[in-house]
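All remarks here apply to the structure that follows.
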Amino acid sequence: MSRSSDTIVAAATAAGRAAIGVIRISGESALGIAQTVFKSRSGLRLNELNGYQGVLGRIFDRCGGIDEVIAFVYRAPKSFTGEDVVEFSCHGGSYIIGAIVRSLTEAGARMALPGEFTRRAVMNGKLTVSSAEAINEMINAKWEYSAKTALAQYDGALSVKLNSIKDSLYGLAAELAVTLEFPEDDIELDRPVFESKLRSAQSELSCLVAGYARGKLIREGIPTVIAGKPNTGKSTVMNLLCGTDKSIVTDIEGTTRDVVEDYIDIGGVCLKLADTAGIRENAKSVERIGVDRSKSRIESAGIVLAVFDLSRDFDHNDRIILNMLNPENTIVILNKSDLPCVLDTVELYNKFKNIIPFSAKSGDRLQELYDLMADVAQVSEFDTSEALLFSARQLEAAKNACEYIDETFALLAGGMLDAAGVCLESALESIGTIDGENISEGVIEEIFRNFCIGK
Amino acid sequence: MNLLGGFDVAVIGGGHAGLEAAMASAKLGMKTALFTMSLDSIANMPCNPSIGGTAKGHLVREIDALGGHMGRLADHATIQSRMLNMSKGPAVNSLRAQVDRRKYQSAAKSLLENQANLYIRQCEITDIILDNKGNVSRLAAREGGLFEVKAVIIASGTYLNSRIHIGESQLDQAADGSVTASALTDSLCRMGIKTRRFKTGTPARAHRRSIDFSKLDRQPGDEPVKPFSFDTTEPILNRAECHIAYTNADTHAIITANLHRSPIYSGKIDAIGARYCPSIEDKVVRFADKSRHQIFVEPMGLDTDEIYLQGMSSSMPEDVQIDFLRTIQGFENIEIMRSAYAIEYDCCDPSQLRHTLEFKTVGGLYGAGQFNGTSGYEEAAAQGLAAGINAALKLQNRPPFVLERWSSYIGTLIDDLVIKGCQDPYRMMTSRSEYRLLLRQDNADARLTPRGYEIGLISDQRMERLEKKLSDIKSETDRLSTLTISPSAELNAMLESKGTTPIAAGAKAADLLKRPEITYADLAPFDRDRIDLAPGAAEEAVTEIKYAGYIKRQASKAEELKRLESRVLDKNTDYTLIKGLRLEAIEKLSRIRPDTIGQASRISGVTPADITVLLIWMRIK
């Protein structure tokens, strides 16, 4: 029996205590297999139900009843997978869910592989590959913006964009082909027009490539580093922002030796917050490594929260940090505003536009700090409906397409029109793989490997 | 009916497909018959008096490389020759020759007459009779003869139930006033073969004296003439000139005003015409924004004053034809000798054929040429050659001859026909090949002559010549890759004059040649150690250097396809049982029954997702 023709089963909800759990069965024999373990209260059999109809009943195994459930029937092709599907909504205990799944596998269903339901949806033409990838993003989304952008891709924002790029490239490929196929037909290629159309298609692709990094930030959080010399109160700021005691706070300099991380939500955008070891010149051994890590974190950070201690003099270590900061993405926190002010802040006020006197101890002006962070993160500029590439695979394909177009330009300039046409077709093929139009078996396997079971 | 004899292979039709089929079969030792309805129409060119053109020129070179005859015949009859697309890259360089139509035909007839094992006979085959196993066994002719046969190749061109349309007039005739074959279609239908109706057309022929050539643009041939055949050594001369005329707003106005009198537009013809060979009415309607269309004014031969007006194919009434032609500068007093016409005819759906061009359902029955839904002499000859070879090989119990897509345009043509079928008369184009940078007309011999040799159509001497050429290409490529050219004032002046950057340190000759602007000849003054190479070897070496990256890329693509072609699908697969295939895919796969996953992937309506389903199904099965 072939793998795609058998009937698969899996719990669609997470394990653990919950009010309800859902078990999904999909395949040709879904109704039949479900029926063998299910008896409806009204006596109706599942195969007597229409699509989108549910019925109350009880699930039994050899030892007797397991649970009272609702069986809901979807008829092919009007289901998620495009096949016949039965979903049992049972009580959400892990024993009950496990027992129901077991009874179904004993009745002839096979445990689904990770992503197999979605994969079947793709195979049956219910979803494009990029929509399927978006589903995984939606499941994994923890913040409003990442969920919204994933939904936009699921809805086809990316496909729409790709199709418009493909259409214009197909047109150009055809134009080029005509001049090669019918050299006697008085059709000359208008090179400037041709090249400008090609350039605009390429720049749309480049926008997608550039947008990948933005998409990644939306999904994975903007790397935000809390930096400063030892004992300026970085860990207190961290704990305040996270709302938990994530970092250990003591009076001893160099308490934080490794990087401590947490995620926070600023107006729907995620910041991946990292508390780092205080930077000082003469740190020894283990602390030294921590200091190096802090420095590299600052270099790659999207936002830096630079913490200075108002109650102490500006010193050599502050200077080292100051020299590492980029005013564009830095928020200067003048901490310990509750203590007498000793620090000369003129230079800081001159260099940085985002600067806030603060007391991590009291937490006053916390909202102001949040607003400043949202500002620097450019939260208001995120467009959640834009087309985004969201996997390394898609990025690679888009980059390849851009390179093929570069090559096409060079070949046109050199009069190698035969090879130019072939390059343009290669660009189209690359774009085609983004949406799964011409995608290899290996890539399909890879995409669905990252899915959870039951999806 | 009287049994008049028996043959191994019988070819029905003496056009360009029939000629190649009969010659290949006879040369491979099969007792071969060629049946034609008129011995005077052998290898006729009922349309343009020319051979070659884009992609078609490639086909002729490939036919020649395999041991076929079209290239030699064309070289023999050439009166003017041009290399098209010279400035657009070697993969699209295409040879096109104007030929003397009568000279071509008489050489073709004499070729057939002088071939051992080959019997030419004028008669109309009306019935193909099968034995009780469903294989071909006998042919019946209208004249009364009956022939025993082991294989039959149908190369009927446009002759099956052909009907000519000239405006409101219909003639139940075939091309050039010949008789139509009115019985064979029914015979095919009786054995379950599906036929359909296609249409093509041809322009008027005019008298030379009625054209004012001083008002037309001249189009001389290219010197020196490059032959089609790798075997032609004698020089070919340009003996005639072509001219170019242009339609104008008046021409278009007359056509538009009379569209209702065209049988196509009035609905009298519902056969499907060739998209890539539109009539002038089509062009005027479809490209309404174009202010003029070109007309190539081509002589039909050296001994005739008939002139062919390429680009003016039409099915308009004769009076309209004269009216619109006379609006054209230089044609003010034109006299038509033969009117333009449209012709419809029966042909088969080629997806009923295997890659050997044998019908899937009738053993020993083959189709070739326009009968298979193509258009063009060259496409026809290519299929005739393949069908002739395969008919002989099968009777000799030898493995079939199938050219892969990456090997040739012939392979691409046949694969397209058999796997994708065709919705309108199929014309070869370079863009139909995904491997076109590999399939240059210049390397047709390297690609195919060894295959022809293996089959037995290529002589030892020719094979030796090829080996010499290949070794010259290799040694010249190697030499250019290692040769260092030192910078000099002369070299840098040359480089700059070509618009490319001068060099400061020595550069490899191959690296300079990789610059698109630099030719082999440009480097001659700086490369004094060149030796005499086999003809074409230096050009090939340069192409291989210039296109190395692309050639490598396409070669690896070919490897990919090779892998898919090695995944064999069982002939008896029941696609309805494979869950996950879409309905359209199930229907197409069940009908076409591809031999391999590679073939399946090219069927229109079978998506990559369907292919993945098939691959998984094969793995699990």
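The values are calculated or read from the model by the stated rules, or taken from the named source; none is laboratory data. On a predicted model such as this, the values are computed, not experimentally measured, just so you know. Backbone-built Cβ (ideal geometry, glycine too); neighbour counts: all protein chains shown. SASA here: full protein model, heavy atoms, side chains in, ligands and nucleic acids out. Shrake-Rupley method; radii C 1.70, N 1.55, O 1.52, S 1.80 Å.
What a 1.4 Å probe finds exposed on the protein assembly as shown is 51% carbon and sulfur by accessible area, rounded to a whole percent.
Beta bridges from DSSP with both residues in chain B: antiparallel share about 65 percent, rounded to the nearest 5. When chain B is described by a simple charge dipole with +1 on each Lys and Arg Cβ and -1 on each Asp and Glu Cβ, the residue from B:N572, B:L483, B:S38 located farthest towards its positive end is B:N572. For the range B:419-533, relative contact order (Cα pairs under 8 Å, six or more residues apart, normalised by length) works out to 18 percent. Counting 0.36 nm for each residue step from B:E318 to B:R208 and taking away their Cα separation leaves a gain of 37.7 nm.
Between the alpha-carbon centres of the range A:297-355 and the range B:378-447 there is a gap of 74 Å. Between B:F287 and B:R528, the distance separating the two model label sites (each 7 Å from Cα on the Cα→Cβ line) works out to 5.3 nm. Accessible-area loss of 10 Å² or more (1.4 Å probe, protein heavy atoms, chain alone versus all protein chains) is found in the range B:31-75 for B:T54. The accessible-area loss of the range B:526-549 on complex formation, taken against its chain alone with a 1.4 Å probe, reaches 10 Å² or more at B:K546, B:Y547.
Beta bridges per DSSP, both residues in the protein assembly as shown: antiparallel share near 65 percent. For the pair the range B:572-621 / the range B:212-280, the C-alpha centres are spaced 43 Å from each other.
Here r is the Cβ-Cβ distance between A:N282 and A:D313 and R0 is 30 Å; the resulting FRET efficiency, rounded to 0.05, is 0.95.
Too long at a 28 Å Cα-Cα cut-off: which of A:K78/A:K399; A:K216/A:K361; B:K226/B:K514; B:K109/B:K360; B:K109/B:K150? Too far apart for the 28 Å limit: A:K78/A:K399; A:K216/A:K361; B:K109/B:K360. For the set A:K234, B:K133, solvent exposure ranked by accessible area (probe 1.4 Å, protein chains only) runs largest to smallest as B:K133, A:K234.
Just by accessible area at a 1.4 angstrom probe, what is the order of A:C63, B:C123 from largest to smallest?
Greatest to least solvent exposure: A:C63, B:C123.
Using Cβ point charges alone (K and R +1, D and E -1), the dipole size of the range B:529-621 about the Cα centre works out to roughly 560 debye. Can you give me the solvent accessible area of B:H76 with a 1.4 Å probe, rounded to the nearest 10 Å²? Estimated to the nearest 10 Å², B:H76 gives 90 Å². Excluding ligands, DNA and RNA and using a 1.4 Å probe, chains A and B jointly bury around 3600 Å² of accessible surface, summed across both partners. In this structure, A:F182 and B:D176 have a Cβ-Cβ separation that, at R0 = 22 Å, corresponds to a calculated FRET efficiency of about 0.25. Using the charge dipole of chain A (Lys, Arg: +1 at Cβ; Asp, Glu: -1 at Cβ; taken about the Cα centre), state which of A:G32, A:G233, A:T128 has its Cα farthest towards the positive end. With unit charges placed on the Cβ atoms, the residue in question is A:G32. Solvent-accessible area per residue in the protein assembly as shown equals 41 Å², computed with a 1.4 angstrom probe and all protein chains kept.
Summed over all non-identical Cα pairs, the Kirkwood treatment of the range B:198-277 gives a radius of 17.1 Å.
Given +1 on the Cβ of Lys and Arg, -1 on the Cβ of Asp and Glu, and no further charges, what dipole in debye does the range A:1-105 carry about its Cα centre, rounded to the nearest 20?
So the dipole magnitude of the range A:1-105 works out to roughly 160 debye.
If only the Cβ of Lys and Arg carry +1 and only the Cβ of Asp and Glu carry -1, the dipole of the protein assembly as shown around its Cα centre is close to 2720 debye.
For chain A, give me the percentage of DSSP beta bridges that are antiparallel, rounded to the nearest 5 percent. Antiparallel bridges make up about 65 percent of those DSSP assigns within chain A. Summed over qualifying helices (DSSP H, 4 residues or more, each -39500 (n - 2.57)) and divided by its residue number, the protein assembly as shown shows a 222 nm mean residue ellipticity of -12000 deg cm²/dmol. Site-free segments of chain B were taken between chymotrypsin sites (Phe, Trp or Tyr not before Pro) in DSSP loops having at most 16 other Cβ atoms within 10 Å, sites themselves excluded; the longest one is B:288-621.
Percent of C-alpha pairs per 5 Å bin in the range A:295-343, short distances first: 5, 21, 28, 23, 14, 8, 1. Measuring from centroid to centroid over Cα atoms, what is the spacing of the range B:70-96 and the range B:27-52 in Å? The distance from the Cα centre of the range B:70-96 to that of the range B:27-52 comes to 22 Å.
In the protein assembly as shown, taking the dipole from charged Cβ atoms about the Cα centre, the farthest positive-side position among B:G384, B:P425, A:T384 is held by B:G384. At the residue level, B:H69 shows approximately 20 square angstrom of accessible surface with a 1.4 angstrom probe and all protein chains present.
For chain A, the spherically averaged projection of the C-alpha convex hull amounts to 31.4 nm².
Each Cα pair under 8 Å and six or more residues apart adds its separation to the average, and for the range A:297-370 the resulting relative contact order is 33 percent.
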